[in-house]
1. From the list 283, 217, exactly one residue is in contact with a helix residue (DSSP H, G or I) (Cβ under 6 Å, 6 or more places away or on another chain) and within 21 Å of residue 324 (Cα to Cα). Which is it?
2. Scan (1) away from the ligand (no atom under 16 Å from the Cβ); (2) in a loop (DSSP other than H, G, I, E, B); (3) under 27 Å from residue 304 (Cβ atoms) for the single condition residue 185 breaks and write down its number.
3. If you check residue 238 against the conditions, is it over 23 Å from residue 161 (Cβ atoms), within 16 Å of the ligand (Cβ to nearest atom) and either at pLDDT 95 or above or part of a strand (DSSP E or B) (or both)?
4. Considering only residues of the range 101-126 that are within 16 Å of residue 254 (Cβ to Cβ) and out of contact with any strand residue (DSSP E or B) (no Cβ under 7 Å at 6 or more places or on another chain), which is farthest from the ligand (Cβ to nearest atom)?
5. When the residues of the range 141-150 are filtered to those that are surrounded by 14 or more Cβ atoms within 10 Å (Cβ to Cβ) and closer than 19 Å to residue 187 by Cα, which remaining residue is farthest from the ligand (Cβ to nearest atom)?
6. Only residues that are crowded, with 18+ Cβ neighbours inside 10 Å and touching a residue at least 60 places away in the same chain (Cβ under 8 Å): list them for the range 117-140, please.
7. Listed residues 208, 219; which is buried (at least 18 other Cβ atoms within 10 Å of the Cβ), more than 16 Å from the ligand (Cβ to nearest atom) and closer than 15 Å to residue 298 by Cβ?
Ligand code: AMP
């Protein structure tokens, strides 16, 4: 028993020790806010001096992510290093792995930065994904289109986000209109069959350094202009689908040997079938609701998983609807601010410059679905939900 305890607590990072974070965005900020509760110190690395994470860390290193010297000084200052987003060069992470503890590892980063590698790893693990074909040349694309047919979605393997690096192909004209440079840069692309899904859901799962796995309740997610607009928990899904989504996400975490968090985004088909669309090796926007509506937040769970603590309970304490506040919502939000009801939990990221599409903050309405949506629609902060959007959320 004592031996087991010793083994279990070997390598435990203790309160007072320092965690370094590559990236100083809102995800890092919320990890730090929760990690401080446990007594950890934080040092952040981000090019922006006044970034959301840097504002709440003990020390901030302002330098580009690929600055080897800055990365080395982060490693020196920290007992462990985490990354909070994927646009980090895996080579930097590999170097850091030789210097200090990087529990998430470079392998997961490499996989989740590359759509094709990610899909191949999922397929090898027996996880269902949309039918896809790798494409490098125009001839490959013709062949892939012959295999998968139209409609289809062409995606760059790397560098795409918020709908960038993505082309919806409905007709032959759409194919003909693809930018010619796409095939001249030796880039890897992935052609995916278009999936007429009923809704999108996601599950954030933690897997600790000891291999303990625990998932958060699934959320149903609504996107506007390719950016997450709203997440709803508990997820309005047909019977049995939420349980299958959780099992699938746990299977992803186990089969990829995740340490930390992985967010698993899925398409839900009308038949109830689930297809995994995308992974993120970190806290995820669709899991922000856990901050106010679960016994443990995804941010605390991330810290628990990497420092070697047992994972916390993920029980939902209240139904919740999370809505993002983008740059264009800021003015209306400011006007409504003094009148926000108590069950509207505000998270503001401290970004100075508001741009269209930039995530400035979010609110989580801890109330039943109907009341939460009624308040959101009446608030005047966001354009109200359309009938189609309501259908996506409510239909099971
Ligand atoms: P992704 O960058 O892969 O997360 O895709 C962004 C969004 O595009 C997804 O959330 C879906 O709404 C849509 N999308 C991506 N791939 C497909 C697909 N194969 N079929 C239908 N819609 C898709």
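1. Values: 217 fails: in contact with a helix residue (DSSP H, G or I) (Cβ under 6 Å, 6 or more places away or on another chain).
The unique qualifying residue is 283.
2. Status for residue 185: all satisfied but (3).
3. Working: over 23 Å from residue 161 (Cβ atoms): yes; within 16 Å of the ligand (Cβ to nearest atom): no; either at pLDDT 95 or above or part of a strand (DSSP E or B) (or both): yes.
Considered against the rule, which asks whether it is over 23 Å from residue 161 (Cβ atoms), within 16 Å of the ligand (Cβ to nearest atom) and either at pLDDT 95 or above or part of a strand (DSSP E or B) (or both), residue 238 comes out as no.
4. Ranking the qualifying residues of the range 101-126, first place goes to 105.
5. By that ranking, first place goes to 143.
6. Those that are crowded, with 18+ Cβ neighbours inside 10 Å and touching a residue at least 60 places away in the same chain (Cβ under 8 Å): 118, 119, 121, 122, 127, 129, 130, 132.
7. On the way: 219 fails: more than 16 Å from the ligand (Cβ to nearest atom).
From the options 208, 219, the qualifying one is 208.
Rundown of residues vs (1) modelled with pLDDT of 95 or more; (2) under 25 Å from the mean Cα position of the chain (by Cα); (3) not in a strand (DSSP E or B), yes/no style:
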residue: 123; (1), (2), (3): yes, yes, yes
residue: 127; (1), (2), (3): yes, yes, yes
residue: 142; (1), (2), (3): yes, no, yes
residue: 146; (1), (2), (3): yes, no, yes
residue: 150; (1), (2), (3): yes, no, yes
residue: 154; (1), (2), (3): yes, yes, no
residue: 159; (1), (2), (3): no, yes, yes
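The values are calculated or read from the model by the stated rules, or taken from the named source; none is laboratory data. Quick caveat: nothing in here was measured; it's all calculated off a predicted structure. Counting neighbours? That spans all protein chains shown, and the Cβs are built from the backbone with ideal geometry, glycine included.
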